[in-house]
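Let me begin by presenting the structure, written as structure tokens, before commenting on it.
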Amino acid sequence: MEQFLTFGVVGLTTAAIYAVVGSGLVLTYTTAGVFNFAHGAAGMLSAFAYWQLAFGWGWPVPLALAVVLLVLAPAFGLLVERVLMRPVQSLGEAERLVMAVALLTGCIALARWIWDPNAARPLRPFFADEPAIDLGPAAVTWHQALTLAVAVLVAAGLWVLLNRTRAGTEMRACVDDRALAGLAGASPQRAARLAWVLGTQLAAIGGILIAPMVALDAQQLSLLIVSAYTAAVFGRLRSLPLTFLGALVVGCLESYLTGYLPQNDYLPGLRLAAPALLLFLALIVFPHRRLRGRERRLVQVPLPTARGTLVFAGCVLLFAVFLATVLDSEELISYGPLFALGVVALSYVPLAGFAGQISLCQLGIAGIGAVVWGHLGEQGQLWALPVAVLVAAAVGALIAVPALRLSGIYLALGTAAFAVVLDRWVFTMPSFEVLGIRVALFDQGSVEVHGPDLFGWQLTSDTELLLFSAVVLALVSLAIAWLRRGRFGRALIALRDSEAAYATLGGRPLGAKVAVFTLSAAIAGLGGALYGMQQRTITAEQFNLVANLPVLLIAVIGGLGAVGTGLFTGLSYVAPPQLLGHFGNWAQDVSTLLIALAGMGLAHSPSGIVPRMRADWTPLTRDRQLFPATGAVLALLWALYAAGLIGGAVFLVAVLVAATALRVWATARQSGPRLELDHPVEWWGIRRPWQAGDREVIARGIAAS
């Protein structure tokens with residue numbers, strides 16, 4: 001009984017923190033219409049700032065708390081609301097979600113850059129020198145008592161604010177109907193501003209209270225928000241009392257699993273993954289109201305031409321040959337994952353770009369493909385590669401079936417929960433047997449991965465593996481372009497535009513979702529196997545949720561509907577850390593921070609960079625004189641570099657200058673305006689040539705009207 005009460009006290013204390021953090025999350029979502037994935041990161045930064053002031057610089061604890069809770073946290077909330085979230089209010093739910101993911105990624109990278117993650121930073125609990133409060137069978141520390149008292153005060157304060165003040169009435173009115181509240185004299189922007197300030201302060205309180213109980217680590221503190229997600233989903237993202245109830249369930253579940261979970265090699269990860277499992281089950285079981293902000297401005301999916309896609313695939317191969325000839329052995333190891341990660345990024349194109357389905361577990365599925373290839377392809381057996389793809393596809397279908405009733409934020413939460421379960425539990429399991437078949441994942445360590453055997457030719461060198469990955473990326477890019485131009489691609493876009501209209505016209509939304517999840521997972525599994533070949537040795541940490549976020553962000557920056565997003569993502573993910581690596585070990589964190597900042601600029605280019613680059617370079621590829629001349633100039637520069645006549649910096653500058661000059665020349669040579677927006681639709685084919693995608697544009701316009 002004493003042990004039961006002891007774990008109960010710990011569970012109530014943890015639940016109190018989750019309730020405080022979860023209430024801020026619900027408050028922000030219901031009032032501002034933004035599900036803040038970076039809510040835990042705000043608490044993490046507050047905990048680090050409190051440690052820096054109180055322990056790093058020796059400030060008095062009350063003064064440090066006042067500065068963090070009354071100055072830094074509100075300022076951070078106002079900055080996020082004004083600079084980041086307000087510009088994307090006119091965009092859709094997915095764009096606001098990506099902005100929050102970018103903020104989460106940026107906060108983690110910023111914290112790791114400022115505070116060395118390898119240095120220990122112990123944070124003393126409040127009133128640590130005071131004796132514990134004796135309750136008979138159990139004892140309560142003053143820190144635990146303070147945490148429970150804060151949760152009660154937060155609950156009472158929020159009730160008074162929402163039910164007894166004008167500001168609270170305004171916030172509740174904006175929850176019900178923002179437009180109607182504005183007509184009645186309320187200010188939705190003022191309510192959203194207040195919600196962001198209060199939400200950030202609550203996250204800061206939770207982060208400071210929980211930091212003494214766990215390691216002061218940027219990634220760990222940020223992902224503790226998964227438990228607060230579960231509490232918020234219990235409250236259906238609207239009810240604060242139900243959120244507190246959900247926090248109580250999560251906190252006690254974690255505590256009692258710690259005390260009473262059987263001790264073996266398979267279950268320790270279950271305690272860590274329990275909040276994510278509970279989140280996934282809550283999303284599946286609980287009914288959900290219609291999500292706010294489902295109205296969105298649809299971004300047109302580019303229609304790649306057959307010629308343009310072939311040219312792009314050829315450029316991928318030429319780029320791979322160029323890298324293989326100019327990079328030394330050490331650089332080949334660093335740049336080797338470029339094309340493999342490009343294949344993983346391409347898995348987002350049919351899923352998110354065409355079908356509009358949000359997934360945060362693609363890199364986890366890639367890890368499944370990598371580990372299956374690592375175990376089955378120990379001798380490079382080529383048949384193991386399609387098996388790895390099929391296993392990854394089966395996992396994608398397994399995710400899709402229970403997630404069919406989810407969409408938008410709920411689907412993102414469900415896939416994030418699945419990624420956390422993989423990372424914290426499944427990938428940490430030792431080998432086991434199912435029906436006499438031995439199943440091994442990372443087996444609590446690392447897995448060696450070898451290159452494939454292509455009909456007697458064993459690919460072992462970094463150069464061979466890089467070229468093989470480039471060939472696969474080119475083939476997958478061609479397949480995605482063919483999919484976009486085919487019937488299934490058009491069906492996925494119709495599903496994204498309107499599920500109701502798609503079903504009315506005879507489509508099967510559930511079947512299409514399962515099919516696209518399966519296809520996307522197969523591509524991710526293929527990319528994971530290629531990534532494992534390049535790395536030679538893989539661990540579970542390489543495929544966790546946090547590692548997936550920069551890949552997703554770069555794919556969004558490039559453009560989720562563009563075939564060239566794969567190459568763009570791989571290059572943007574791999575190149576910056578290598579180029580900045582000469583300046584120090586902080587290069588990875590700075591490059592991730594730059595990626596996050598670019599993701600925060602989504603409002604300025606929701607369609608992505610790759611379609612704009614394609615439009616800028618199309619005149620050169622269509623010019624029958626300058627395009628071959630461009631190839632000749634690049635070949636000449638390449639030969640000069642290979643012969644040692646010019647250095648790498650001169651070669652790079654010469655390539656950029658020559659290509660840009662020829663592009664500008666080709667644009668000037670092209671007669672007449674080339675953008676379809678320069679002419680009304682009734683003049684297409686008269687004042688400008690008829691284009692391949694015009695028929696689809698007109699059909700979509702008629703359907704929308």
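List of remarks:
- Shape of the chain, Cα gyration tensor, a/c cut at 1.5: prolate
- In segment 118-269, a dipole from Cβ-located charges (positive for Lys and Arg, negative for Asp and Glu) runs towards its positive end, and of ALA138, GLN220, PHE244 it is PHE244 whose Cα lies farthest in that direction.
- Reported value for segment 335-470: 129 Å³ per residue, from the convex hull of its C-alpha atoms.
- In order through segment 426-433: 3J(HN,Hα) via Karplus (6.51 cos²θ - 1.76 cosθ + 1.60), integer Hz, x for Gly, Pro: 4, 5, 8, 6, x, 5, 8, 10
- Between ILE133 and VAL140, THR141, TRP142, the built amide H atoms are under 5 Å apart, and every one of these is 5 or more places off in sequence or on another chain.
- Approximate spin-label separation SER239-ALA167, in nm, with each point projected 7 Å along Cα-to-Cβ: 2.7 nm
- Modelled spin-label separation between ILE698 and ALA501, with each label point placed 7 Å from Cα along the Cα-to-Cβ direction: 1.8 nm.
- Per residue, the chain exposes 44 Å² of solvent-accessible protein surface, assessed with a 1.4 angstrom probe and all protein chains in place.
- Taking amide hydrogens as placed 1.01 Å from N in the peptide plane, the amide H of GLN357 sits under 5 Å from those of ALA352, each at least 5 positions away in sequence or on another chain.
- Segment 220-259: proportion of alpha-carbon pairs further apart than 13 angstrom, %: 49 percent
- Working note: Karplus 6.51/-1.76/1.60 with θ = phi - 60° gives segment 15-24 the couplings 4, 4, 5, 4, 5, 5, 5, x, 5, x Hz, where Gly and Pro are set to x.
- Around the amide H of TRP684, modelled in the peptide plane, lies no amide H under 5 Å away from a residue 5 or more places distant or on another chain.
- Legend: P(r) of segment 87-169 from all alpha carbon pair distances, 10 Å bins from 0, whole percents, reading 13, 17, 25, 31, 12, 2.
- When you work out D = kT/(6 pi eta Rh) for segment 609-669 at 25 °C and 0.890 mPa s, using the Kirkwood radius from C-alpha pairs as Rh and the Stokes-Einstein form, the result is 200 µm²/s.
- Gain on full stretching of the segment that runs from ASP129 to LEU510 - 0.36 nm per residue minus C-alpha separation: 131.3 nm
- HN-Hα J in Hz across segment 141-147 - Karplus 6.51, -1.76, 1.60, θ = phi - 60°, x for Gly and Pro: 6, 5, 5, 5, 5, 4, 4
- Stokes-Einstein D in µm²/s, Kirkwood radius over Cα pairs - segment 31-149 at 10 °C with 1.306 mPa s viscosity: 95 µm²/s
- FRET efficiency estimate (nearest 0.05) - Cβ-Cβ, ARG487 to LEU645, R0 45 angstrom: 0.30
- Charge dipole of the chain (Cα centre as origin; +1 on each Lys and Arg Cβ, -1 on each Asp and Glu Cβ, all else neutral): 2740 debye, rounded to the nearest 20.
- Helical content alone sets the calculated 222 nm signal of the chain at -21500 deg cm²/dmol, taking -39,500 (n - 2.57) per DSSP H segment of four or more residues and averaging over every residue.
- Fraction of antiparallel bridges per DSSP, the chain only, in percent to nearest 5: 90 percent
- Note on the chain: dipole from Cβ charges, positive end direction compared against LEU65, VAL633, ALA501; the farthest Cα belongs to ALA501.
- Förster radius 35 Å - calculated FRET efficiency between VAL160 and ALA139 (Cβ-Cβ, nearest 0.05): 0.60
The values are calculated or read from the model by the stated rules, or taken from the named source; none is laboratory data. Here the structure is a predicted model, which is why all the values come from computation and not from measurement. When we count neighbours, we look across all protein chains shown, and the Cβ atoms used for this are built from the backbone with ideal geometry, even at glycine. What goes into the accessible areas is simple: the full protein's heavy atoms, side chains included, and nothing from ligands, DNA or RNA. Shrake-Rupley method; radii C 1.70, N 1.55, O 1.52, S 1.80 Å.
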